[in-house]
Structure formats: C-alpha cells, structure tokens
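Notes to accompany the following structure.
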Amino acid sequence: MLYTSTRNNKIRVSSAQAIAQGISEEGGLFVPCEIPQFSIDDIGKLTTMPYTERAKTILRTFLTDFSEEELDYCVEGAYKKSKFSSEKIAPTVNVNKNENILELWHGPTCAFKDMALQLLPYLMTVSAKKTAKGKEIVILVATSGDTGKAALEGFKNVENTRILVFYPVDGVSPMQKLQMTTQEGDNVAVCAINGNFDDAQSAVKAIFTDSEIKAELAKKNMMFSSANSINWGRLVPQIVYYFSAYADMVEQGRIKLGEEINVVVPTGNFGNILAGYYAKKMGVPIKKLVCASNSNNILTDFLTTGDYDKNRDFYTTTSPSMDILISSNLERLLYHLSGEDDKLVSDLMHSLSDGGKYTVSDTLLNNIKKDFAAGCCSEEEVFETIKEQFESYSYLIDTHTSVAVRVYCDYVKATGDDIPTVIDSTASPYKFSKSVLSAILGKTPDADEFEMVDELNKATNCEVPAPLKSLKDKAVRFNNVCDRENMSEMVFSLLKL
Ligand SMILES: *Cc1c(COP(=O)(O)O)cnc(C)c1O
C-alpha cells in the first residue's frame with residue numbers, strides 16, 4: 001500500500017513515511033492510493049474478535065510496511081484494557097429502537113481523540129525508526145482542549161519523544177485546563193498562550209516552518225512532528241471503530257450481516273466522519289453518513305449547496321471541539337470524490353486560503369450527496385436534547401453528542417429514513433459538567449467544577465470516569481504563560497536546549 005498527496009498525485013510514499021512526515025511537502029494531505037476491500041464474510045468474522053484483533057485486521061491492510069510484530073506491539077500497547085473504562089474499548093449501546101450510541105470516550109482523557117492518540121505515538125515511533133534513523137521526535141500541539149490532553153496522555157513517557165502543548169489562556173474549560181496542567185510524565189510540557197486558539201495555532205505553525213529552529217533541533221538529533229488530525233496516523237485508527245460498531249450491531253442481533261445502517265457524526269475538523277467514509281468505501285454497509293454541526297454550520301451549508309465560505313460569524317458554543325471554520329480533512333474527501341483530481345483540490349485549497357471560500361461543481365456535489373447528509377442545531381436544541389434523552393431513556397450525553405442526536409432526530413423526521421443507526425458519542429458528559437448539568441436542571445448552577453461533577457452524579461446516578469475524579473487531588477505542574485512573540489524561546493526553554 002502506497003500513499004500519495006491530495007495536491008500532487010505523482011508522489012508515492014510508504015505509510016511509515018506518511019506518518020513520520022505528517023503533511024506532504026507541497027501542503028497536501030497524504031491519502032492511500034487504493035482503498036482496501038472487505039467482503040461481507042470478512043466483516044462477519046470480526047464479530048467474534050476483541051477490539052484489538054478487529055484493529056489489527058483493518059490496520060494490516062493500510063500499514064503494509066509494518067511487520068506483524070510491530071503491529072502487535074502498537075495495537076496491544078495502545079488499547080490496553082487497563083487504560084480504558086470499558087472492556088470493549090468502544091462499546092455500542094442501544095438507547096431506543098434504532099438509535100444506537102457508539103461510546104468513544106472510555107479512554108484515559110474521556111474524549112474520542114484517545115481512540116487515535118493512544119495509537120499514534122506507537123505508529124510514529126515505529127515509523128521514525130524506519131525512516132528517520134533514531135531522531136528524537138518533538139511533538140508540538142496547539143489545542144483548543146481535547147487534543148492537547150489526549151496527545152499528552154498518548155505520548156507521555158514514550159521513548160524517543162517529547163511533547164509540548166500550547167493552549168489559549170482563556171480558551172479552554174476549567175476541567176480541560178486542569179487535565180493539562182497536572183499532566184504527568186518525564187517528556188511533557190504545557191504552556192498557556194496569551195491569545196485565542198487561532199493565535200496559538202498560527203504560532204505553532206510558524207515554529208514548525210522556521211528553518212533556524214529546525215536547524216538548531218537537527219544539531220541535537222531532534223525533529224518536529226505533528227499530532228493533529230491531518231496526520232494519516234491519526235485518521236487510520238478511527239476507521240477501525242466503524243467496522244467494530246457494525247460487528248457489534250450484528251453480534252447484538254440489531255441487524256443481519258449485510259443489512260445497511262446509517263452513521264451520524266458530530267463534526268469539527270471532518271476527521272472522524274471521513275474515517276466513516278473510508279469504512280463505507282472498504283465495504284461496511286453504511287447507507288448515509290450524516291454530518292452534524294452546531295451553530296458553526298459551515299459544513300451543513302457546504303454539503304447542501306456546494307459553497308464553502310468561511311467569511312461568516314464565528315460562534316463560541318457549548319460544544320467547543322466543533323467550533324471550527326476550516327475543516328482540514330474535507331480536502332481528502334474532495335480528492336477522492338473528484339476522481340483524484342489533484343489540480344482541482346490544489347486550486348480549491350488555494351482559493352480557501354486566499355479568499356476564504358470555494359465552490360465545487362454540481363457533479364462533485366452530487367457525488368458527495370450520494371454518501372453524505374448534513375444538519376445542524378442551535379444551542380437551545382443541544383440543551384433540550386440532553387434533557388430529553390435523559391428523561392426518556394435515562395441515557396446521559398455530552399454537548400457534542402447531543403448535537404449529533406438532535407441532527408439524527410431531525411434527519412429521521414425529514415426523510416423517514418429510520419433504519420438502524422449508529423451515533424458517535426465523542427465525550428463523557430462529565431467533561432462538560434456545567435452545560436450538561438444546566439440542561440438537566442434547567443438553570444445554570446452556581447458551583448465550582450468538581451462540585452458540578454458531584455451534583456451531576458447525584459442528579460443522574462451516572463458513573464464519573466476515574467481519570468476525571470482523580471484530577472481533584474493532583475498537583476499542578478505547569479504554570480507557564482507566554483506571549484505569542486516569545487513562543488520560540490519558550491520551546492527552547494521547555495526542551496532545555
Ligand atoms: C475533536 C472532537 C470532535 C470533532 O471531531 P472531528 O474529527 O474534528 O470532526 C467532536 N467532539 C469532540 C468531543 C471532540 O473532541
């Protein structure tokens with residue numbers, strides 16, 4: 001299996017190269033040259049396998065330059081039962097009739113990013129051994145919350161790696177901040193940036209491309225890499241759980257092997273739903289992928305009209321991980337659905353960076369609509385839906401999952417398409433206790449973060465995840481704050497160079 005770039009499809013690299021390098025030289029994203037195919041019988045065989053074996057079965061077809069031993073080492077290390085609060089790793093739970101929830105938040109940081117970021121450090125260190133001759137990898141992350149913590153947990157104490165995380169000083173929830181500033185591990189550091197997420201993100205990007213800094217690092221036998229979702233190594237682990245959810249549905253007798261399902265995904269950067277698209281193309285019987293957005297509904301507009309336009313108001317919502325106006329992974333979808341037209345993708349992406357918008361042809365839009373549907377909902381509807389789901393089915397969801405559930409209900413009402421459906425649940429409700437508790441109580445509680453966790457627990461009887469419970473007693477290790485302009489010095493100081 002070889003990989004090419006969405007902006008130059010003459011390029012050919014191995015999976016190890018794609019993962020170690022992160023992004024292609026000319027700015028394109030790495031994509032597989034072919035899509036591996038699974039028959040219905042192949043998929044049927046997954047039903048009796050544990051999650052780790054399901055993962056190896058899928059990953060083997062993409063990472064053909066990894067040996068069986070390497071694959072074992074990576075997968076068994078990433079999805080150790082001791083790190084997840086569910087034996088099944090990613091369980092599929094029936095909530096009501098054809099509504100099934102795929103719980104992706106049983107990992108160490110209680111958000112779905114663990115599913116990829118527990119595996120990525122293993123994939124990356126094995127890849128670096130193959131392609132970068134023992135260089136120490138320095139992971140730089142700008143985060144609006146969930147990615148930073150999940151990357152820290154994934155990379156902590158991983159040999160031959162260091163990780164530095166930058167977050168906007170006032171841009172993350174109190175729980176998210178505490179999760180990061182108490183991070184354990186010998187190779188980790190965390191720093192707040194005066195500014196918003198975009199400031200943190202562009203400062204990190206500037207450091208990545210600064211040739212002086214890169215040269216300084218090379219002298220110490222180090223290199224930068226990225227853990228964000230444009231890396232193929234973050235996308236490929238996510239394909240696994242769509243196969244796994246389908247196998248669960250068969251195993252539970254909710255569908256017959258071969259029967260179609262719909263999938264609904266609360267979407268931000270388009271990584272999670274794109275993994276679902278790959279699963280569909282590989283043979284999982286998925287009828288529609290429903291893209292759910294909050295008030296930042298740029299994807300709803302694009303998927304219905306073909307116009308992508310980021311010149312619009314930006315809303316800070318209670319589902320912050322979906323507050324995004326540039327969904328990077330859409331680039332990969334455009335590449336596959338335009339008949340691998342690298343020139344077109346390159347043009348579209350340039351018009352996005354120049355003028356903030358692009359429009360696709362009717363043909364391309366119609367291709368997209370064959371596989372995708374889209375919808376969005378308001379903040380009020382997010383709160384209503386949390387309350388409704390809890391009162392009707394005693395099932396507690398977080399704000400991001402609520403967006404997906406609401407869009408699912410609207411989709412069924414509008415289309416009558418009520419076949420068995422899997423809805424991705426991307427965070428534990430306790431990660432967003434304030435909003436969830438407000439939704440349940442119908443008023444905003446006046447309490448600190450941990451009091452709200454307790455109160456939510458009392459009001460709902462749902463279990464508090466151990467990693468969040470234990471935060472209260474952890475010491476804060478990182479108090480650094482810096483200005484954007486001083487970030488490169490901060491990088492050197494944190495690396496003790
Ligand atoms: C990152 C995140 C999302 C969005 O996922 P994308 O792959 O960026 O579309 C949704 N919900 C939660 C809780 C997240 O952390």
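Of the residues Ala200, Ala132, Leu152, the one whose Cα sits farthest towards the positive end of the charge dipole of the chain is Ala132 (charges of +1 on Lys and Arg Cβ, -1 on Asp and Glu Cβ, taken about the Cα centre). For the charge dipole of the chain, defined by +1 on Lys and Arg C-beta atoms and -1 on Asp and Glu C-beta atoms about the Cα centroid, which residue among Thr415, Ser173, Gly271 has the Cα displaced farthest towards the positive pole? Farthest towards the positive pole: Gly271.
Can you run the Rg to Rh ratio on segment 1-96? Use alpha carbon positions and the Kirkwood inverse-distance Rh.
Rounded to two decimals, Rg/Rh equals 1.05.
If you plug the beta carbon distance of Glu380 and Phe492 into 1/(1 + (r/R0)^6) with R0 = 56 Å, you get a FRET efficiency near 0.75.
Out of every Cα-Cα pair that segment 357-471 contains, those further apart than 22 angstrom amount to 43 percent. Over the chain, all Cα pairs binned in 20 Å intervals from 0 give whole-percent P(r) values of 24, 61, 15, 0, listed from short to long. Which entries of Lys130/Lys474; Lys177/Lys413; Lys113/Lys472; Lys88/Lys129; Lys56/Lys310; Lys97/Lys472 have Cα-Cα distances beyond 29 Å here? Exceeds cut-off: Lys130/Lys474; Lys177/Lys413; Lys88/Lys129; Lys56/Lys310; Lys97/Lys472.
Quick one: plug the Kirkwood hydrodynamic radius of segment 389-430 (C-alpha pairs) into Stokes-Einstein at 25 °C, 0.890 mPa s, and report D in µm²/s. Once the numbers are plugged in, D ends up at 221 µm²/s. Taking the Cα centre of the chain as origin and assigning +1 to Lys and Arg Cβ atoms and -1 to Asp and Glu Cβ atoms, the resulting dipole is close to 1060 debye. Under the simplified labelling scheme, the Ser82-Ala414 pair shows an inter-label distance of 4.8 nm, with each label point 7 Å from Cα along Cα→Cβ.
Here, segment 37-139 has an Rg and a Dmax of 15.6, 53 Å when only alpha carbons are counted.
Pairs with C-alpha atoms separated by more than 29 Å, drawn from the list Lys357/Lys434; Lys469/Lys496; Lys256/Lys281; Lys10/Lys133; Lys149/Lys458, are Lys357/Lys434; Lys469/Lys496. Estimated from helices alone, the mean residue ellipticity of the chain at 222 nm is -13500 deg cm²/dmol (sum of -39500 (n - 2.57) over DSSP H runs with n ≥ 4, per residue). Please give the residues of segment 297-335, grouped as numeric ranges, whose backbone N is less than 15 Å from a label point set 7 Å along the Cα-to-Cβ vector of Lys281. Those under the cut-off are 329-335.
Using the Cβ of Ser392 as centre and a radius below 13 Å, the other residues enclosed give a net charge of -2, where K and R count +1 and D and E count -1. Dipole magnitude for segment 326-387: computed about the Cα centre from +1 point charges on Lys and Arg Cβ and -1 point charges on Asp and Glu Cβ, it is near 120 debye. Segment 325-398 and segment 21-88 have Cα centres spaced 25 Å apart. If you model segment 109-159 as an ellipsoid using its alpha carbon gyration tensor, with each semi-axis the square root of five times an eigenvalue, the axes come out at 22, 11, 8 Å, biggest first.
Give me the net charge of Lys156's neighbourhood, meaning all other residues with Cβ under 10 Å from the Cβ of Lys156; Lys, Arg count +1, Asp, Glu -1. For residues surrounding Lys156, the net value is -3. Overall shape: oblate for segment 278-406, with the ratio a/c of the largest to smallest alpha carbon gyration tensor axis at 1.5 or above and b/c at least equal to a/b. Local charge for Ala373 was computed over the other residues whose Cβ lies under 12 Å away, with Lys and Arg +1 and Asp and Glu -1, and equals +1. Each residue, Arg477 and Glu455, gets one label point 7 Å from its Cα in the Cβ direction; the gap between the two is 3.2 nm. Summarising the label geometry, the points placed 7 Å from Cα in the beta-carbon direction at Lys45 and Arg12 lie 2.8 nm from one another.
Throughout, read-outs are computed from the coordinates displayed, never taken from laboratory work. This one's a predicted model, so the numbers in the text were calculated from it and none came from an experiment. For neighbour counting, all protein chains shown are included, and Cβ atoms are generated from backbone atoms with ideal geometry for every residue, glycine included.
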